[in-house]
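The structure under discussion appears below in the form of structure tokens.
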Amino acid sequence: MRCGLRPKPRAARVALPAKTNRSEIASLLDEPWTSEVFLPFQQPIHIAISARNGKRNRPGVVCHDICDACFAGKVMRIDEKTFVLSPEALFLQLARSLSVEALAFVACELCGLYSMKPDGSGFVSAKPVSSVASLLSFASSAVSYPGNAKAKKALGFSVDKSASPAESELVALLCAKQTLGGYGLPLPMMNYRVDVVGEGRKCTPRKFFVLDLFWQSARLDVEYDSDAFHTSAAGISSDAERRNALQAMGFSVITVTNGQVSSADLLDDAACAIARALGIRFRHSCKTWNKRRFAFRRNLRAARKLVQHGAPACSAAISGPSGAKCQKGASLHEK
């Protein structure tokens, strides 16, 4: 699974047939996959069952049913006896317990070009396993499911093809609604490829560029510089070459640094510059926007740390009526 969140002990879930004895439950702890997904099995064990009439709690075991109609068809086989819950269903489950900010990071990871490492040491490149449209479609279809409204709110500032948690955070800060504490800018396209043509060819030997945040209507490229490369001589030269080529082709380029993202005042300057380039004039719709802005920043940073350093992937096992083991996303529960 791709969700880099560590489930707390009470969040580990295993699903078995409705009629299950204690020895069958205990045997699950010896399965190889339980150590591979780093599930912290401790008492009590939470299990998911496939029939409501079998929901019986017993010492050391708490049962949960998973027969909600909205999850029909959302369990997918990945090998002979292992299944995973779809990314869309996992996201909706997480919405029951995660904050709006954390959900946005989860959505950007599921729909992005990166995946958090299981040991919490960073992220690696990966292909998207879903899209914001797919997550929204599923959430919209599950109207009565707890967390539905929160999921849709988080998707309002989530994007496809983000390449890092830092890019996801920048998009959230810029594009979340002002009522949440964001700037309410329209969502950009992420990591958009632009071929070098015309006058741009005189400025660079490169065939194309990938634009971090791109607003097509304004031909605006916002580049997020977060590493030391950009401060080296080679990095500065490369950035200048890129900027010159893009400007020669009629693009506007604005650079946002990690320092600007970390500072509310500096980011405010960058956000105003981006808004001007988009032809947008800020009108803060909420009188308490400044207070909400700082609260939103704090919540986003805490959510990013949770997702980025929460370590091993949220995975757990479930099983269908036939007894075949399945794997599903485990929800993170807050104390």
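Throughout, read-outs are computed from the coordinates displayed, never taken from laboratory work. Computed from a predicted structure; not experimentally measured. Neighbour counts are summed over all protein chains in view; Cβ atoms, including those assigned to glycine, are modelled from backbone coordinates with ideal geometry.
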* Structure fact -> For Thr288 and Ala264, extending 7 Å from Cα along the Cα-Cβ vector and measuring point to point gives, in nm, a value of 1.4 nm
* How do Thr204, Thr179, Thr288 line up, fewest other C-beta atoms within 10 Å first? -> Thr288, Thr179, Thr204
* To do: Within 10 Å of each residue's Cβ, count the other Cβ atoms and sort Ser137, Ser131 from fewest upward.
  => Ser137, Ser131
* Structure fact -> Of all trypsin sites (Lys or Arg not before Pro) in the stretch 256-290, the ones in DSSP coil with at most 13 other Cβ atoms within 10 Å are Arg281, Arg283, Lys287
* To do: Filter the cross-link list Lys177/Lys305; Lys127/Lys202; Lys117/Lys291; Lys161/Lys207; Lys150/Lys287 down to pairs whose alpha-carbon distance in this structure exceeds 26 Å.
  => Lys127/Lys202; Lys117/Lys291
* Asked: Length gain on complete extension for the stretch Arg219 to Lys127, per 0.36 nm per residue less the alpha carbon to alpha carbon distance?
  -> 30.5 nm
* Convex hull volume per residue for the stretch 189-279, taking Cα atoms only, in Å³ -> 92 Å³
* Asked: Quick one: net charge of Arg301's neighbours, Cβ under 10 Å, K/R +1, D/E -1?
  -> +2
* Just grab the label-to-label distance for Ala273 and Ser141, each label 7 Å out from Cα along the Cβ direction, in nm (one decimal). => 4.4 nm
* FRET efficiency estimate (nearest 0.05) - Cβ-Cβ, Lys207 to Ala240, R0 30 angstrom -> 0.95
* **Neighbourhood net charge (15 Å Cβ-Cβ; Lys/Arg +1, Asp/Glu -1) for Gly198** => +3
* Arranged by the count of other C-beta atoms within 10 angstrom, fewest first, what order do Leu173, Leu278, Leu90 take? -> Leu278, Leu173, Leu90
* For an R0 of 30 angstrom, estimate the FRET efficiency from the Cβ-Cβ distance between Gln247 and Arg298 and round to the nearest 0.05. => 0.25
